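Worksheet: one structure, shown below.
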Amino acid sequence: MTIEHGFLIGDTVLPGTDRVIRDPDAFWHEPSDDIYPRRGHRITQLVGHWSAGHARTGPNAGAKLYRAMLARRKDSDGDGKLTNSDDLMDVSAHIGISWDGLVFQMADLASACIHVKRRVNLGSIGVENMWPGTMRQAAKLGMPAAHAVIGTARGQRIECYPPSDEMIEAWRWVVHTLTHAQHPLLAIPYQRGGMERPGILEHCDITGPKQTKVDAAGLLVGALGWR
């Protein structure tokens, strides 16, 4: 099938977004266990994540991330081991950003993906940055040696593998593009100052008694000069 370009939201492609790659073979469509209708919710938040996987590059990076999310499993029987008998973990994201700064769309922005908790999912866009995240994870994946960047999340000091300049530039572009786009479903505030629930955040910023994820440890929000 033909590769398409531009951010798709419902029946509209956002102008000026030809940079975005849409691969029909790496795209969630409703109905699916991994995406669902927004049920009248407008999009008011953009949530950044790190994939904890390889620093993927090239035009196939989005498809590899998509397949990796499809393959994720959860320990449904609680035995501490992941086997083929365990359930698939429903997980999805609208956007993937590769290590070399390519931007992939994997789900219609008009649908909700499963990237944080449900009440946030209904009004948010999830963005997975293809990056191992921690120095420990990078070492496990055989990434080249690098000086750690220190992030802070939930009172923890996190030694992070430094994100690439290209990936950070693409993240900034995604943020600016989606916060300034003219579309009735999009209402993401750009500035954080004084807001109880900021428009641009990371998984570690999602509050709740069971929220323990440190994800990008503040580095993605920090890249915007907000931390």
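The values are calculated or read from the model by the stated rules, or taken from the named source; none is laboratory data. Values in this document were obtained by computation on a predicted structure and should not be read as measured data. For neighbour counting, all protein chains shown are included, and Cβ atoms are generated from backbone atoms with ideal geometry for every residue, glycine included. Ligands, DNA and RNA are excluded from the accessible area calculation, which covers all protein heavy atoms including side chains. Shrake-Rupley method; radii C 1.70, N 1.55, O 1.52, S 1.80 Å.
Have a look at ILE150, ILE188, ILE168 and point out the one that is outside any loop (DSSP other than H, G, I, E, B) and crowded, with 16+ Cβ neighbours inside 10 Å. Full working, then the answer.
On the way: ILE150 fails: crowded, with 16+ Cβ neighbours inside 10 Å; ILE188 fails: outside any loop (DSSP other than H, G, I, E, B).
None of the others qualify; the one that does is ILE168.
Given the residues TRP173, TRP226, which is the only one that is out of contact with any helix residue (DSSP H, G or I) (no Cβ under 8 Å at 6 or more places or on another chain), in contact (Cβ under 8 Å) with a residue 40 or more places away in the chain and of a type in the set (Phe, Trp, Tyr)? If you could, list the steps in order and put the result at the bottom.
Numbers: TRP226 fails: in contact (Cβ under 8 Å) with a residue 40 or more places away in the chain.
Only one candidate passes the filter, namely TRP173.
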For this session: Working carefully through the options ALA153, ALA148, find the one that is in contact with a helix residue (DSSP H, G or I) (Cβ under 7 Å, 6 or more places away or on another chain) and modelled with pLDDT under 95.
Result: ALA153
For this session: For GLU159, work out the one condition from (1) assigned to a loop (DSSP other than H, G, I, E, B); (2) over 17 Å from VAL47 (Cβ atoms); (3) not aromatic (Phe, Trp, Tyr) it doesn't fulfil.
Result: (1)
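If you check GLU159, GLU128, which single one turns out to be more than 16 Å from the chain's Cα centre (by Cα) and not aliphatic (A, V, I, L, M)? Please lay out each step first, then the result.
Working: GLU128 fails: more than 16 Å from the chain's Cα centre (by Cα).
Only one candidate qualifies: GLU159.
When only residues in the stretch 33-63 that are charged (D, E, K, R) and surrounded by 17 or more Cβ atoms within 10 Å (Cβ to Cβ) count, which is farthest from VAL175 (Cα to Cα)?
The residue in question is ASP34.
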Problem set entry | Residue list for the stretch 112-136, restricted to those being over 16 Å from ILE43 (Cβ atoms) and open to solvent by less than 40 Å² (accessible area, probe 1.4 Å) | GLU128, ASN129, MET130, TRP131, PRO132, GLY133, THR134
Exercise. Among the residues of the stretch 13-32, which ones are charged (D, E, K, R), out of contact with any strand residue (DSSP E or B) (no Cβ under 6 Å at 6 or more places or on another chain) and open to solvent by less than 70 Å² (accessible area, probe 1.4 Å)?
Worked result: ASP23
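Tell me the residue from ILE158, ILE200, ILE168, ILE206 that is touching a residue at least 12 places away in the same chain (Cβ under 8 Å) and within 16 Å of ALA55 (Cα to Cα), please. Break it down stepwise before answering.
Details: ILE158 fails: within 16 Å of ALA55 (Cα to Cα); ILE200 fails: within 16 Å of ALA55 (Cα to Cα); ILE206 fails: within 16 Å of ALA55 (Cα to Cα).
Every option except ILE168 fails the conditions.
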